[in-house]
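Trainee: Here it is: the structure, laid out below.
The values are calculated or read from the model by the stated rules, or taken from the named source; none is laboratory data. This one's a predicted model, so the numbers in the text were calculated from it and none came from an experiment. Here the Cβ positions follow ideal geometry from the backbone for every residue, glycine too, while neighbour counts run over all protein chains shown. The area values use the complete protein model at the heavy-atom level, side chains included, leaving out ligands, DNA and RNA. Shrake-Rupley method; radii C 1.70, N 1.55, O 1.52, S 1.80 Å.
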Amino acid sequence: MRFTNLTRANEIGANSYLLEIGGRNVLLDCGMHPRLEGDAATPDFSLLPERLDAAILTHSHLDHAGALPVLRRKRPQTRVFMTSPTAKLNDVLLHNSVNVMQRRHEAGVDVAQPVFTHREADQASKVWQEIPINRPWSIDGERLPEHGDEAASFEFSHAGHILGSVGTLFWEGGRRVLYTGDINFEDQTVTRAARLPEGPLDALIIETTRGDYARPPEFRRADEEARFGEALREGLARGAVLIPVFALGKTQEVLAMLLRFRESGEVPRGTPIFIGGLSTRMTEIHDGFAGTGEFHRRHSDLLRRIQPGKILGPEAQSHVVKKGCIYALSSGMMTEHTLSHTFARKMLGQPQHSIFFVGYADPLSPAGHVRAAKEGDLVELGDETPAQVLRCTVDRFDFSAHAHREGIRKYIVETAPKKLFLVHGDAPALEWFRSHVAVDLPGTEIIIPAPGQVVEF
């Protein structure tokens, strides 16, 4: 077997890896870096072999799926395996990505042309194959009665991250290799906790996103939700509340909490809730999979019951921020030219308003700058946006869709892999896992693969 890191840096960026198993070449994810542009935003496709037998897509976040049209251009015959929810979400997100790249290029924010076109986004889906979880498949896309020793096979299992997200277990000659993608071992508001394979593994390729964050041992999600509800009540009494969210995953989790708060009276029952156009489309797809039971822990028919107001891009500049309203708007990073960025500019200098963060934000993004600032600080909001003094209330809540580091550490110890590949993390996160697992499992070889590094095992 052989593992190649196709990312251009050890960070949370354009996730993509090559696994050679049983004589077959399989790509693991195909992401786009959220902060970069042009070829620098894509995986290093120059490292791809001429024959690529298949690609596995663990979920539809753009840092794992955003470069699929580029892969189709470079290896047009490669079949891409994913779950049905992931395919439907991808179809919308890839076209939205083209729109965003075009707007940024036309506005002069990005020098590079869009990395792919709407036509290429359409063409990419022609090689997608939707498969269910918990069933074995051949690399050629055939349903198998069971895993055999003659040829490599794989099986999806629920990863607990977002709708449709999976880990992928590979079998070959009695050996077991697991690629987790992004995982969460705890129930969220809507999404069930991960159900990954148990037992010893020969190799484990695992994300490390939260390795540099020590969650307090007394943390309980129910307590955090109660704190969030109390902060919302106080914030709505003063002014408006902005919640920067990712359109996929975080929007639906937050909406489910807001629905419960509103129906229970924890926030005023008539509280208006506004979301963006892309978030609306993502929630429609989410609602459509409510009855399957594969990924949802509970479901609330969100759009019908909440009936949120919808804000489209052209309306954002003229929208008047009103006291008592909740604005759950993307992007979660508050990137320039997004709804959350526009509303942050309106609210940041107003002491009556609040901005509540509910998930990860790149420290170099506008959201990262606001999260790190104190009242009275001058906050940088982007290259084209004048800095503003922070006057509004800012708070953070831990509703991450990624597993906390002790949960990941526990899973590593339980599966006791012979080879452990640490990926999808910044340097401090990677080092935390390396140093702690070395003590937990002295017989395990721990590998932090450098960009472009090929590891035989």
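Trainee: Can you classify the stretch 59-102 as rounded, prolate or oblate using the Cα gyration tensor, where a ≥ b ≥ c are the square roots of its eigenvalues, rounded means a/c under 1.5, and otherwise it's prolate if a/b beats b/c and oblate if not? Let's see the in-between values first.
Mentor: Working: a/c = 2.08, a/b = 1.12, b/c = 1.86.
Oblate.
Trainee: Moving to a separate point now. Amide H to amide H under 5 Å from Asp426: which residues, 5+ apart in sequence or cross-chain, H placed 1.01 Å off N in plane?
Mentor: Ile12
Trainee: Something else about it: Taking θ as phi - 60°, what are the ³J(HN,Hα) couplings along the stretch 364-379 by the Karplus curve (6.51, -1.76, 1.60), each to the nearest whole Hz, with x for Gly and Pro?
Mentor: 8, 7, x, 4, x, 5, 5, 4, 7, 7, 10, 4, x, 6, 8, 10
Trainee: What ³J(HN,Hα) values, in whole Hz, does the Karplus curve 6.51 cos²θ - 1.76 cosθ + 1.60 give for the stretch 88-102 when θ = phi - 60°, with x put for Gly and Pro?
Mentor: Ordered by residue, 3J(HN,Hα) equals 5, 5, 4, 4, 7, 5, 5, 5, 5, 4, 4, 4, 5, 4, 5 Hz.
Trainee: Can you tell me the FRET efficiency between Ala427 and Asp140 if r is taken as the Cβ-Cβ distance and R0 is 25 Å, rounded to the nearest 0.05?
Mentor: My answer for the efficiency is 0.05.
Trainee: Now a separate question. Could you sort 97-108, 362-373 so that the peptide with the highest average Cβ count within 10 Å comes first and the rest follow in order?
Mentor: Highest mean packing first, the order is 362-373, 97-108.
Trainee: Using a basic spin-label model with each label point 7 Å from the Cα along Cα→Cβ, how many nm lie between Val389 and Phe457?
Mentor: 5.4
Trainee: Go ahead and estimate [θ] at 222 nm for the chain from helices alone: -39,500 (n - 2.57) per DSSP H run with n ≥ 4, summed, over the residue count, rounded to 500.
Mentor: -9000 deg cm²/dmol
Trainee: In degrees from 0 to 90, rounded to the nearest 10, what is the angle of the helix 427-440 Cα long axis to the longest principal axis of the chain?
Mentor: 50
Trainee: Find the accessible area per residue for the chain; the probe is 1.4 Å, ligands and nucleic acids are left out, and the unit is Å².
Mentor: Accessible surface, normalised per residue, equals 40 Å².
Trainee: With a ≥ b ≥ c taken as the square roots of the eigenvalues of the C-alpha gyration tensor of the stretch 91-238, please select rounded if a/c is under 1.5 and otherwise prolate if a/b is larger than b/c or oblate if it is not?
Mentor: Since a/c reaches 1.5 but b/c is at least a/b, the shape of the stretch 91-238 is classed as oblate.
Trainee: Can you compute 3J(HN,Hα) from phi for each residue in the stretch 349-359, using the Karplus curve 6.51 cos²θ - 1.76 cosθ + 1.60 with θ = phi - 60°, rounded to whole Hz and x for Gly and Pro?
Mentor: Rounded to whole hertz, the list is x, 10, x, 7, 8, 9, 10, 10, 9, 10, x.
Trainee: If you don't mind, there's one more thing I want to ask. Out of all DSSP beta bridges with both ends in the chain, state the antiparallel percent to the nearest 5.
Mentor: Percent antiparallel among DSSP bridges in the chain is about 45.
Trainee: I would also like to ask the following. Would you mind classifying the stretch 208-352 by shape? Square roots of the alpha carbon gyration tensor eigenvalues, ordered a ≥ b ≥ c; an a/c under 1.5 is rounded, otherwise it is prolate if a/b is larger than b/c and oblate if not.
Mentor: Values: a/c = 1.30, a/b = 1.16, b/c = 1.12.
Because its axes are fairly even, with a/c under 1.5, the stretch 208-352 counts as rounded.
Trainee: When the accessible area of the stretch 10-72 is computed with all protein chains present and a 1.4 Å probe, what percentage of it is carbon and sulfur? Mind showing how you got there, number by number?
Mentor: On the way: 830 of 1770 Å².
Accessible surface attributable to carbon and sulfur in the stretch 10-72 totals 47 percent.
Trainee: Would you mind putting 443-453, 68-78 in packing order, based on average other-beta-carbon counts within 10 Å, highest first?
Mentor: Per-residue Cβ counts within 10 Å, averaged per peptide and sorted highest first, yield 68-78, 443-453.
Trainee: Given the peptides 134-140, 50-56, arrange them by the average over their residues of other C-beta atoms within 10 Å, most packed first.
Mentor: 50-56, 134-140
Trainee: To continue, here is another question. Could you pull out every residue, at least 5 positions away or on a different chain, whose amide H is within less than 5 Å of the one on Leu28? Hs are placed 1.01 Å off N in the peptide plane, and Pro or chain starts have none.
Mentor: Long-range HN contacts for Leu28: Tyr17, Leu18, Leu19, Ile56.
Trainee: Counting pairs of alpha carbon atoms under 8 Å apart in space and at least six apart in sequence, what relative contact order in percent does the stretch 256-410 give? Write down the numbers at each step before the final one.
Mentor: On the way: 217 pairs, mean separation 28.8, N = 155.
Relative contact order, the stretch 256-410: 19 percent.
Trainee: Could you list, in their original order, any pairs among Lys250/Lys310; Lys346/Lys374; Lys126/Lys310; Lys322/Lys374; Lys322/Lys346 whose Cα atoms are separated by more than 22 Å?
Mentor: Result: Lys126/Lys310; Lys322/Lys374 exceed 22 Å.
Trainee: Using modelled backbone amide H atoms (1.01 Å from N, in-plane), which distant-in-sequence or interchain residues come within less than 5 Å of Phe357's amide H?
Mentor: Correct list: Asp395, Arg396, Phe397.
Trainee: Please figure out what share of the DSSP beta bridges in the stretch 44-156 is antiparallel and state it in percent, rounded to the nearest 5.
Mentor: Percentage antiparallel, nearest 5: 40.
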